[in-house]
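Colleague: Let me give you the structure first, and then I'll get to my questions.
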Amino acid sequence: MAFSINTNLNALAALQSLNQTQQAVSQAQNAVSTGKKISQASDNPAIFSIANTINANIAGLSAVSDSLNFGAQVIQTASSAISNVQTVLQSLQQTATESGQTGISLTTLQNQVNAELNSINQYGRAATFNGVNVLTTTGDSSATYGTLNVVQGLSGTPYSIANQATTLNGAATTLGDALGITGLSVSGGTTGVQLTFDNNLAITSFAPGGGADASLQLTAGAKTYAFEFTDDSLGGGAIPLQTAQNATTQIVAVHFNSTTQSTNQIVGSLINAVQNTGFGVQQNTNGSLNITGQGISAASFGSVTGGAFTASATIGVTSAALTGTQAVIATVQSAISNANSIAANLGAASQQITGIQNFTSALSSALTAGVGALTDADLAAESARLSSLQTKQQLATQSLSIANQQPQSLLSLFKNL
Amino acid sequence: MRNGAQRYRDIADTTRSARQTEIAAFALVIRDLENANQPNAHATLRIAALGRAHDLWSLLVRDLARDGNGLPQTLKTQLVDLGLWAMRYSTLAILKDLSLAPLIEVCQNVLDGLRAQPVPILTNPTAKSCAPLA
């Protein structure tokens with residue numbers, strides 16, 4: 001025998017309300033978002049199709065927004081990390097400058113440098129968001145992958161943000177490697193070279209692909225890196241390099257165009273090529289280049305003929321060794337400029353996502369023509385506020401939950417609490 | 001044939017628990033956003049709070065857009081509209097230094113609406129949780 005709840009007026013009202021709710025739910029099983037009772041295409045093909053398109057577009061828009069939001073979280077996590085790294089690098093520059101003063105214990109300074117280098121790599125590892133990290137490599141952290149793809153529209157074409165560490169240095173494992181600062185030693189272990197270009201840089205006077213290629217040879221440890229200039233104006237970039245690559249010699253092509261590019265542009269291409277090979281490059285105000293990292297000890301400009309390198313002074317580049325404090329500071333400065341370029345790339349990615357996010361409001365306008373479609377942030381915020389007040393009143397007269405079909409899906413929000 | 005009391009319990013439990021879950025979710029999101037809106041709040045806190053706010057609205061909008069959501073058409077459209085705004089605002093606020101106050105206020109209004117029950121729901125200690133709809 002069931003107990004009677006009829007004596008309780010409130011309960012009676014509740015029962016009526018809930019019966020209505022139940023009715024609404026069962027009616028809703030057959031209703032589509034247009035409010036028309038169409039559950040199959042055969043009931044009314046036109047309305048069914050429009051309703052389905054709108055529903056699919058809202059679902060699609062949500063998927064795009066999910067992807068953008070995820071991308072924004074990864075980018076902002078990385079930006080916040082790189083901004084901390086920039087602070088550490090400033091302090092490292094101070095430490096490097098102090099290493100030139102007499103009377104300061106180099107051991108103490110080195111310990112300080114090691115701690116700072118360590119914290120740079122820590123920041124890199126900590127920039128992992130949901131398994132994605134664009135600041136370091138899989139060899140260094142448990143991040144599953146390093147390139148971020150963000151869906152940018154209903155068509156599904158992704159916008160890609162490359163891994164910043166491997167973009168700077170293909171051989172990098174840690175963020176420190178990418179910045180070119182791993183193993184920085186204040187006690188004389190850090191060396192570098194300085195290249196000074198005279199006004200008549202004669203790279204173009206060589207006949208690349210013909211008898212000789214202009215080449216910059218860097219000696220780092222037991223390895224030689226040969227940067228060979230290939231003139232795209234002569235052979236469409238398909239010029240064979242002259243020196244053979246083997247275990248101790250790495251060949252890197254530096255593409256330039258002698259008819260369209262200025263000397264500065266050619267030097268710019270060289271800087272990129274040297275940086276991408278993992279060296280730190282810093283351009284000084286007088287145009288000279290400081291090249292550091294990987295134990296570099298010597299640099300020589302010349303030409304390559306038939307696989308043999310001959311140093312040449314006529315090319316207009318002189319090379320001098322950087323040692324001691326000078327080399328340490330050059331290394332840190334190059335790391336600072338690398339960190340700045342990562343920060344700039346992340347800033348550009350952030351702009352891009354903002355742009356895509358604003359574009360999605362155009363799609364929203366086709367769906368609701370309301371607050372969600374306003375691009376002016378202040379205006380939209382104010383409209384949303386007013387609209388939410390109306391929503392509040394309407395929700396108050398409802399017994400149903402908002403997500404009344406799969407309410408349990410909300411439980412995923414309580415994970416990791 | 002199920003009697004009135006059983007039917008009442010089933011529907012009340014489902015409706016109440018779903019609505020209670022939403023109330024708890026909005027309360028959580030608002031608490032996180034308020035913490036993140038403090039001066040000197042850590043960037044990680046802000047990113048996580050806005051990520052969760054986005055996910056909440058995304059889940060709601062997906063359910064609202066599916067055939068069979070039982071809310072009245074006007075309310076559905078309004079909530080989808082608010083949701084699309086909230087999702088966009090959350091993402092932009094991760095990337096830019098936007099105030100979190102408008103988002104907090106919108107969430108608070110929805111929470112208040114959810115909390116204001118049209119009829120008092122009786123507590124029933126013996127009720128099964130998450131009973132399926134009859």
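Colleague: Any residue in segment B:98-114 that's within 7 Å of chain A (Cβ to nearest Cβ) and more than 25 Å from B:PRO39 (Cα to Cα): show its pairings with residues that are among the aromatic types (Phe, Trp, Tyr) and not in a loop (DSSP other than H, G, I, E, B) at Cβ separation under 9 Å, as long as the two are six or more apart or on different chains.
Modeller: Final answer for the pair search is B:VAL110/B:PHE26; B:LEU114/B:PHE26.
Colleague: May I ask you to say which residue of A:ALA343, A:ALA349 is within 36 Å of the chain's Cα centre (by Cα), more than 30 Å from A:LEU184 (Cα to Cα) and at pLDDT 90 or above?
Modeller: Sole residue among the options that is within 36 Å of the chain's Cα centre (by Cα), more than 30 Å from A:LEU184 (Cα to Cα) and at pLDDT 90 or above: A:ALA349.
Colleague: Would you point out the residue of segment A:375-408, among those that are aliphatic (A, V, I, L, M), facing chain B (nearest Cβ under 7 Å) and assigned to a helix (DSSP H, G or I), that is farthest from B:GLU22 (Cα to Cα)?
Modeller: Among them, the one singled out is A:ALA377.
Colleague: Here's another thing I want to ask about it. Check off (1) farther than 25 Å from A:GLN76 by Cα; (2) facing chain A (nearest Cβ under 7 Å) for B:PRO72 and give me the number that stays unchecked.
Modeller: The single condition B:PRO72 does not satisfy is (2).
Colleague: A further question on this structure: Which of (1) within 8 Å of chain B (Cβ to nearest Cβ); (2) in contact with an Asp or Glu (Cβ under 6 Å, 6 or more places away or on another chain); (3) surrounded by 23 or more Cβ atoms within 10 Å (Cβ to Cβ); (4) at pLDDT below 80 is the odd one out, the single condition A:SER364 does not satisfy?
Modeller: (2) is the only condition that A:SER364 fails.
Colleague: Quick one: A:GLY316 ticks every box in (1) in contact with a Gly (Cβ under 7 Å, 6 or more places away or on another chain); (2) on the phi > 0 side of the Ramachandran plot bar one, so which box is it?
Modeller: If we test A:GLY316 against (1) in contact with a Gly (Cβ under 7 Å, 6 or more places away or on another chain); (2) on the phi > 0 side of the Ramachandran plot, just (1) comes out false.
Colleague: Quick one: B:ASN40 ticks every box in (1) facing chain A (nearest Cβ under 8 Å); (2) assigned to a loop (DSSP other than H, G, I, E, B) except a single one, so which number is it?
Modeller: Here B:ASN40 meets the rest and fails (1).
The values are calculated or read from the model by the stated rules, or taken from the named source; none is laboratory data. On a predicted model such as this, the values are computed, not experimentally measured, just so you know. Ideal geometry is used to build each Cβ from the backbone, glycine not excepted, and the neighbour counts take in all protein chains shown.
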